[in-house]
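Reading through the structure tokens given below for one structure.
The values are calculated or read from the model by the stated rules, or taken from the named source; none is laboratory data. These numbers come from a predicted model, not from an experiment. Don't worry about glycine lacking a Cβ; one is built from the backbone with ideal geometry, like all the others, and counts go over all protein chains shown.
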Amino acid sequence: MMSDKIIPTIPPELEPFFAAAKEGRLEVQRCVSCGTLRFPARSLCATCLSTQSEWTPVSGRGEVYSFFWMHQVYHPAFAAEVPYAVVVVQLEEGPRLTTNILDCAKDELRVGLPVEVTFEERGPDVRLPQFRPRRA
């Protein structure tokens with residue numbers, strides 16, 4: 001089901017990320033020289049300073065590293081969802097993503113909560129990675 005929420009503007013450096021998401025895959029950058037995984041995309045590896053990178057699939061599993069509750073309506077498309085949680089998910093492979101959590105009761109959300117990726121359709125060409133509690 002397609003969302004009525006805004007469709008993000010996709011910067012060139014994140015086109016591979018969104019292309020993978022459109023196909024139901026979560027990918028992050030990997031340094032070709034040392035193998036360090038990173039997100040968001042950047043031109044230089046913080047570990048070895050290499051400029052060579054590629055996009056690689058990750059499991060989509062992780063845990064809530066941090067979160068806060070958004071109580072302010074900053075865009076009308078999100079008004080019906082306030083309050084909603086903004087979470088930082090640490091993937092099993094290491095990188096952290098700032099995202100939203102779906103299908104999670106307010107009293108269930110906690111640091112360390114196991115989560116998995118899901119994809120929300122935001123338009124005919126955009127699926128946005130989101131996370132939900134991992135069930136078993």
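Couple of notes before you dig in:
- Matching option when the condition is of a type outside the set (S, T, N, Q), surrounded by 12 or more Cβ atoms within 10 Å (Cβ to Cβ) and assigned to a loop (DSSP other than H, G, I, E, B), among V89, V73: V73
- Summed over segment 99-119, residues that are under 9 Å from the mean Cα position of the chain (by Cα) and closer than 14 Å to L26 by Cβ total 2.
- Selection within segment 7-61 - hydroxyl-bearing (S, T, Y), closer than 20 Å to E120 by Cβ and without any contact (Cβ under 8 Å) to a residue 24 or more places away in the chain: T9
- Contact map, segment 69-95: residues that are acidic (D, E) paired with residues that are surrounded by 12 or more Cβ atoms within 10 Å (Cβ to Cβ), Cβ distance under 8 Å, separation 6+ or inter-chain. Pairs shown: E92/V58; E92/R61; E92/G62; E93/V28; E93/L37; E93/V58.
- Taken residue by residue, segment 37-46 has at least one member that is closer than 30 Å to E108 by Cα and in a loop (DSSP other than H, G, I, E, B).
- The set of residues in segment 53-70 that are more than 12 Å from L91 (Cα to Cα), surrounded by 12 or more Cβ atoms within 10 Å (Cβ to Cβ) and at pLDDT 95 or above comprises S53, W55, T56, S66, F67.
- Test for E116: is it of a type in the set (D, E), surrounded by fewer than 17 Cβ atoms within 10 Å (Cβ to Cβ) and in a strand (DSSP E or B): yes
- Odd one out for G35 among (1) out of contact with any strand residue (DSSP E or B) (no Cβ under 7 Å at 6 or more places or on another chain); (2) closer than 14 Å to E93 by Cβ; (3) of a type outside the set (S, T, N, Q); (4) surrounded by 15 or more Cβ atoms within 10 Å (Cβ to Cβ): (4)
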